[in-house]
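The values are calculated or read from the model by the stated rules, or taken from the named source; none is laboratory data. Fair warning: this is a prediction, and the values are worked out from it, not measured in the lab. Note that each Cβ is placed from the backbone with ideal geometry, even for glycine, and that neighbours are counted across all protein chains shown.
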Amino acid sequence: MLLKSNRDLKIKCQASEFELLVPANNKIVAIAAINAGADAVYMGFSKYGARFQAGNSLEDIVEVVEYAHKYRVKVYITVNTILKNEELRDIEKLLWKLYFIKADGIIIQDMGILECKLPPIPIIASTQCHNETLEKIKFLEKMGFQRVILPREISLDEIKNISQKSTIQLECFIHGALCVSYSGQCYLSRSIGARSANRGACAQPCRKKYSLQDADGNFIIRNKYLLSLKDLNLSEHLENLILSGITSFKIEGRLKNLSYVANTTAFYRNAIDKILDNYGLKRSSQGKSYIDFEPDLYKSFNRGFTDFNITGEKKNVATINYNNSLGEYIGIVQNVRKDHFMLNTDILNNGDGICFFDEFKTLKGTNINKTEGKKVFPQEIKGIKEGSKIYRNFDKEFEDKFKTSEMKRKIPVNVKVKELKFGYLFILTDEENNSSVYLSEKNFEKALNDAKSLETIKVQLAKMGNTIFEVVHSDIDINNVPFIKVAQINEIRRYLVEQLNRIRRKNYKYNFRKPPFSDEEYPIKELDYRANIFNDKAKLFYEKHGSIVKEPAFEAQTSFDGKTLMTSKYCIKNQLGLCPKQGKINKYKEPYRLIDEFNKEFLVEFNCKGCVMKLSSI
């Protein structure tokens with residue numbers, strides 16, 4: 001096991017509560033995520049989030065916060081775009097509203113926000129801040145940030161080093177779509193149109209086709225998805241992430257639907273809980289989730305999976321032949337007829353969506369009209385040949401389950417009934433030791449059948465129905481057993497539940513933002529467009545902390561010539577088997593050029609020592 005011997009990290013783990021953080025594009029998905037086992041959800045407001053399509057009204061956020069806090073689930077709001085001067089006043093008002101409705105934190109990128117009059121709401125440094133160095137992370141810690149979201153490119157060794165030398169909470173992505181560029185450092189979308197990633201409107205040019213040409217004009221490869229990466233899946237690395245210092249595990253996908261979110265949440269809930277139980281560690285929320293499906297990551301949208309750079313090794317991380325969902329591998333075609341084919345398995349169903357690679361290695365797809373055991377009748381059979389590998393990227397039976405799914409989450413409680421001299425004391429207690437009590441006078445008739453009356457009291461008090469509670473233990477300590485009508489017991493139970501809900505709401509522990517150290521110096525002394533400074537307050541912030549701002553954000557400029565548009569730990573040469581570290585002869589002369597479908601060219605440069613690739617405008 002990687003880090004068990006590290007005493008400091010073990011102590012840090014024991015003192016921490018661990019959080020599964022789940023995306024939600026609306027309140028329905030948020031509630032489903034909570035029911036499926038999320039410890040926290042993150043969602044966007046109607047403006048200023050890095051996914052502008054995933055905005056929510058303040059009223060919807062209020063509903064989610066109220067529901068989430070019942071289970072001690074936190075709600076974080078994304079405000080992680082760079083901002084114009086005129087937007088900062090609106091942001092300031094918004095943050096006070098979020099504070100008053102008890103949102104648990106805001107995720108930000110723009111440091112101009114720190115120059116506003118802020119409420120004491122916790123702030124989290126978005127991955128868009130490009131939190132790539134220990135020095136920058138320690139600076140953010142001293143600025144009052146509660147947490148930093150680490151880059152997707154980070155390795156376990158780097159996480160461990162940061163955790164050992166800082167006390168700030170560390171969050172990392174464990175699942176979902178991968179940006180090919182360092183977050184916050186991608187200007188490709190803005191360079192080819194008006195849509196800026198740092199303004200929440202990325203056009204996803206990384207999912208388009210490109211050709212690669214060498215310095216002599218030779219085409220190395222044509223019309224492939226050369227910048228499209230597989231999806232991240234760190235399910236095999238969760239234990240080492242915990243032992244390295246991660247306390248928040250983030251699923252990407254604020255544009256994903258309910259079934260995707262519920263499925264991935266339930267899967268990672270099970271996986272993380274096994275590890276926490278093994279080490280005697282605690283999750284940050286409460287309640288047991290009950291789901292009526294078997295979670296399977298391959299049944300939700302995926303482009304195939306990679307662990308990217310978590311171990312420091314990047315192998316076959318791109319999907320150069322496709323850019324959409326591959327799904328789960330099903331089987332191999334055995335023979336093909338005019339309107340159907342035979343498969344070596346019979347698990348496909350009517351209405352499923354399948355895909356396969358044709359003779360040009362292009363991913364094609366179709367739907368299933370009918371199945372008869374291993375005989376499959378597709379809507380379109382063109383391109384399917386004997387030996388073709390079939391993948392299912394839409395499982396109709398699995399998806400249909402979510403239309404009638406009864407996911408629920410219950411807080412364990414204990415019921416106690418104690419006989420006093422003058423009456424009976426009914427107590428309902430949760431795992432935080434919050435207790436509601438009801439005192440009844442001794443004005444009941446004596447029970448004719450003690451055992452039956454005791455059983456009735458126990459059974460009726462345990463009937464929590466549609467409440468958030470679930471009785472896991474009952475202690476009925478009565479010598480003189482009374483006969484209490486069922487209606488009376490039900491009324492007592494309702495009172496106990498309502499009172500406990502009120503007490504839990506009152507006792508919710510809200511964290512407040514730490515005051516910053518105002519004289520701390522920023523570790524980078526000269527800042528260019530890559531600092532994403534888009535407003536006067538952001539400029540003032542960096543200047544107050546000792547930096548010279550040489551130019552504004554990329555979004556404020558009109559000429560992009562010679563500017564780096566993307567910096568990536570992904571390497572096209574590595575993907576195509578041209579990396580010198582692979583020991584293969586590379587006949588293609590550098591520098592390379594990447595050419596899109598509109599013949600726009602980008603310069604591709606490689607820093608092999610640092611294992612970094614850059615795209616620049618020409």
Inset, instruction - Determine whether segment 399-413 contains at least one residue that is among the polar types (S, T, N, Q) and over 32 Å from the mean Cα position of the chain (by Cα). - result: no
Inset, instruction - For Lys389, indicate whether it is of a type in the set (Lys, Arg) and not assigned by TED's automatic domain parsing to the domain that holds Asn321. - result: no
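Name the single residue, out of those in segment 393-414 being out of contact with any Lys or Arg (no Cβ under 8 Å at 6 or more places or on another chain) and crowded, with 20+ Cβ neighbours inside 10 Å, that is nearest to Lys446 (Cα to Cα). Show your work before the answer.
Kept after step one, since they are out of contact with any Lys or Arg (no Cβ under 8 Å at 6 or more places or on another chain), are these residues of segment 393-414: 393-394, 396-397, 399-408, 413-414.
Next, only the ones that are crowded, with 20+ Cβ neighbours inside 10 Å stay: 393, 407, 413.
On the way: Asn393: 65, Met407: 42, Val413: 28 Å.
Among them, the one singled out is Val413.
With the requirement that a residue be touching a Pro at 6+ places or on another chain (Cβ under 9 Å) and polar (S, T, N, Q), what does segment 444-475 give you? Step through it out loud before you land on a result.
If we filter segment 444-475 for residues that are touching a Pro at 6+ places or on another chain (Cβ under 9 Å), which is where we start, we get 444-447, 453, 457, 469-473.
Across segment 444-475, the qualifying residue is only Ser453.
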Inset, instruction - Among the residues of segment 585-618, write down those that are touching a Leu at 6+ places or on another chain (Cβ under 8 Å), in contact (Cβ under 8 Å) with a residue 40 or more places away in the chain and in a loop (DSSP other than H, G, I, E, B). - result: Tyr588, Pro591, Ile618
Inset, instruction - Would you tally the residues in segment 524-541 being under 14 Å from Glu87 (Cβ atoms) and outside any loop (DSSP other than H, G, I, E, B)? - result: 3
Inset, instruction - Name the one entry in Ala447, Ala451 that is in contact with a Ser or Thr (Cβ under 7 Å, 6 or more places away or on another chain) and of a type in the set (Gly, Ala, Ser). - result: Ala447
Legend entry - Failed item in (1) over 18 Å from Arg530 (Cβ atoms); (2) touching a strand residue (DSSP E or B) at 6+ places or on another chain (Cβ under 7 Å), with Lys160 passing the rest: (2)
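Each row is one residue, and each column tells you yes or no for (1) under 21 Å from Lys208 (Cα atoms); (2) at pLDDT below 95; (3) surrounded by 13 or more Cβ atoms within 10 Å (Cβ to Cβ); (4) not basic (Lys, Arg).
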{"site": "Leu326", "(1), (2), (3), (4)": "yes, no, yes, yes"}
{"site": "Ile330", "(1), (2), (3), (4)": "no, no, yes, yes"}
{"site": "Leu343", "(1), (2), (3), (4)": "no, no, yes, yes"}
{"site": "Ile354", "(1), (2), (3), (4)": "no, no, yes, yes"}
{"site": "Phe357", "(1), (2), (3), (4)": "yes, no, yes, yes"}
{"site": "Thr362", "(1), (2), (3), (4)": "yes, yes, yes, yes"}
{"site": "Asn367", "(1), (2), (3), (4)": "no, no, yes, yes"}
{"site": "Thr371", "(1), (2), (3), (4)": "no, no, yes, yes"}
Inset, instruction - Return yes or no: is Glu294 part of a loop (DSSP other than H, G, I, E, B), closer than 28 Å to Met407 by Cα and not aliphatic (A, V, I, L, M)? - result: yes
Inset, instruction - Have a look at Asp430, Asp477 and point out the one that is more than 30 Å from Lys370 (Cα to Cα), of a type in the set (Asp, Glu) and surrounded by fewer than 12 Cβ atoms within 10 Å (Cβ to Cβ). - result: Asp477
Legend entry - Contacts under 6 angstrom Cβ, first residue in segment 509-533 being within 16 Å of Ile137 (Cα to Cα), partner in a strand (DSSP E or B) and of a type in the set (Val, Ile, Thr), 6 or more apart: none
Legend entry - Lone unmet requirement of (1) touching a residue at least 24 places away in the same chain (Cβ under 8 Å); (2) not acidic (Asp, Glu); (3) not in a strand (DSSP E or B) for Asn393: (3)
Legend entry - Candidate set: segment 532-561, residues that are closer than 19 Å to Ile91 by Cβ and hydrophobic (A, V, I, L, M, F, W, C); chosen: the one surrounded by the fewest Cβ atoms within 10 Å (Cβ to Cβ): Ala556
Inset, instruction - Please work out if Tyr570 is in a loop (DSSP other than H, G, I, E, B) and in contact with an Asp or Glu (Cβ under 8 Å, 6 or more places away or on another chain). - result: no
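Give the number of residues within segment 458-472 that are over 11 Å from Leu428 (Cβ atoms) and of a type outside the set (Val, Ile, Thr). Let's see the steps before the verdict.
Start the filter on segment 458-472 by keeping residues that are over 11 Å from Leu428 (Cβ atoms), which leaves 458-460, 463, 465-466, 468, 470, 472.
This time we only want the ones that are of a type outside the set (Val, Ile, Thr), so: 458, 460, 463, 465-466, 470.
Number satisfying all stated conditions: 6.
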Legend entry - Long-range neighbours under 6 Å by Cβ, at least six apart or interchain, first residue farther than 15 Å from Gln379 by Cα within segment 332-347, second acidic (Asp, Glu): Val333/Glu386; Asn335/Glu386
